[in-house]
1. Inside region 61-110, can you point out the residues that are in a loop (DSSP other than H, G, I, E, B) and either touching a residue at least 40 places away in the same chain (Cβ under 8 Å) or more than 16 Å from the chain's Cα centre (by Cα) (or both)?
2. One residue is enough: does region 175-185 have a residue meeting the conditions part of a strand (DSSP E or B), surrounded by fewer than 21 Cβ atoms within 10 Å (Cβ to Cβ) and in contact with a helix residue (DSSP H, G or I) (Cβ under 8 Å, 6 or more places away or on another chain)?
3. Name the single residue, out of those in region 1-26 being within 20 Å of the chain's Cα centre (by Cα) and outside any helix (DSSP H, G or I), that is farthest from PHE190 (Cα to Cα).
4. Confirm whether GLY220 is surrounded by fewer than 20 Cβ atoms within 10 Å (Cβ to Cβ), on the phi > 0 side of the Ramachandran plot and either part of a loop (DSSP other than H, G, I, E, B) or out of contact with any Phe, Trp or Tyr (no Cβ under 7 Å at 6 or more places or on another chain) (or both).
5. If you take the residues in region 111-127 that are outside any loop (DSSP other than H, G, I, E, B) and touching a Phe, Trp or Tyr at 6+ places or on another chain (Cβ under 7 Å), which one is surrounded by the most Cβ atoms within 10 Å (Cβ to Cβ)?
6. In region 221-253, which residues are in contact (Cβ under 8 Å) with a residue 60 or more places away in the chain and under 16 Å from VAL85 (Cα atoms)?
Amino acid sequence: MTDDPAERQWHEILTNPVMGFEPRLFRHLPSDPRCLLCRSPYRAPFGPILRILGYGQSARYPQLCRPCFRHMDKNRGGSEITVTVLFADVRGSTGIAERTSAGEFSRLLERFYASVTEAVRSERGVIDKFLGDGVMALFIPSFTDLADAAHGVRSAQRILAEAELPIGVGVNTGPAYTGFLGGSADVASFTAVGDAVNVAHRLGEAAAAGEVIVSAETAGAAELDAAGWSMRDLTVKGREQPVPVWSQSASAA
């Protein structure tokens, strides 16, 4: 653990799901969706009341309420924590683009982004970034009540189940520097960097269309049942040793 007070505070924010009075109160109020930090609900019956009191979704970052976004933007930073990272990529996007008009391909990608965003947010994850024909998402312990790996796997399965395009998904769990980072409020968001992110990216690249590949670390943290999953060692670019992984096709999910 770092000696930096700001990093220690960020470590608590990112790993403790019940910090402060507000989360302990708001988490018992219906209904989802809600702020990832303070758990204030956005929908009726209590959402409209809390909006009057100054809560409600931030226009800049809807997964946070207005007070939480202002606090995060004012105190940007992060800490090294264990986080679950998901990469979802469209397979054969170049060929799809060649067979369709630019407008049609753009609409296909927009629906892909919307579908993945909903699958991630329904599991309390956050979209880190869109990468052309891919998406990176994070599942942070405090946001998921410490079940980040399980939420990441369920999100991956939902992405494949609802996919309109051929998609491969990779999920990895491990240490990464994670936090609310960015040069200004316009670009600030939750992001993560480190080897765990790189491995998740490689797993996403290795996944075939309609396949999710999760690392052994994710499988263990999510307490996956081996039924319906295949286990193998995967050669990953940039790694000398093969990476033990579990894989599942969309039909087996």
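The values are calculated or read from the model by the stated rules, or taken from the named source; none is laboratory data. Keep in mind that what you see is a predicted model, and the values were worked out from it rather than measured. Here the Cβ positions follow ideal geometry from the backbone for every residue, glycine too, while neighbour counts run over all protein chains shown.
1. So in region 61-110, the residues in a loop (DSSP other than H, G, I, E, B) come out as 61-64, 75-76, 91-92, 100-101.
Once the filter is applied, which keeps residues that are in a loop (DSSP other than H, G, I, E, B) and either touching a residue at least 40 places away in the same chain (Cβ under 8 Å) or more than 16 Å from the chain's Cα centre (by Cα) (or both), region 61-110 yields TYR61, GLN63, ASN75, ARG76, ARG91, GLY92, THR100, SER101.
2. The initial filter retains those residues of region 175-185 that are part of a strand (DSSP E or B), namely 175-181.
Now narrow it down to the ones that are surrounded by fewer than 21 Cβ atoms within 10 Å (Cβ to Cβ): 175, 177, 181.
Restricting the remaining residues to those that are in contact with a helix residue (DSSP H, G or I) (Cβ under 8 Å, 6 or more places away or on another chain) gives 175.
Yes: region 175-185 contains one or more residues that are part of a strand (DSSP E or B), surrounded by fewer than 21 Cβ atoms within 10 Å (Cβ to Cβ) and in contact with a helix residue (DSSP H, G or I) (Cβ under 8 Å, 6 or more places away or on another chain).
3. At the first step, the residues of region 1-26 found to be within 20 Å of the chain's Cα centre (by Cα) are 10-18.
Still in the running and outside any helix (DSSP H, G or I): 16-18.
On the way: ASN16: 16, PRO17: 16, VAL18: 19 Å.
Per the stated criteria, the residue is VAL18.
4. Working: surrounded by fewer than 20 Cβ atoms within 10 Å (Cβ to Cβ): yes; on the phi > 0 side of the Ramachandran plot: no; either part of a loop (DSSP other than H, G, I, E, B) or out of contact with any Phe, Trp or Tyr (no Cβ under 7 Å at 6 or more places or on another chain) (or both): yes.
Against the criterion (surrounded by fewer than 20 Cβ atoms within 10 Å (Cβ to Cβ), on the phi > 0 side of the Ramachandran plot and either part of a loop (DSSP other than H, G, I, E, B) or out of contact with any Phe, Trp or Tyr (no Cβ under 7 Å at 6 or more places or on another chain) (or both)), GLY220 does not qualify.
5. Top of the filtered list is VAL126.
6. Scanning region 221-253 gives ALA221, ALA222.
Per-residue answers, yes or no, for (1) surrounded by 14 or more Cβ atoms within 10 Å (Cβ to Cβ); (2) closer than 27 Å to GLU80 by Cβ; (3) at pLDDT 95 or above:
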residue: ASP3; (1), (2), (3): no, yes, no
residue: ILE13; (1), (2), (3): yes, yes, no
residue: VAL18; (1), (2), (3): no, yes, no
residue: LEU25; (1), (2), (3): no, no, no
residue: HIS28; (1), (2), (3): no, no, no
residue: PRO33; (1), (2), (3): yes, no, no
residue: CYS38; (1), (2), (3): yes, yes, no
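Rundown of residues vs (1) more than 29 Å from CYS65 (Cβ to Cβ); (2) surrounded by fewer than 24 Cβ atoms within 10 Å (Cβ to Cβ); (3) modelled with pLDDT of 95 or more, yes/no style:
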{"residue": "ASP145", "(1), (2), (3)": "no, yes, no"}
{"residue": "GLU164", "(1), (2), (3)": "yes, yes, no"}
{"residue": "HIS201", "(1), (2), (3)": "yes, yes, yes"}
{"residue": "SER215", "(1), (2), (3)": "yes, no, yes"}
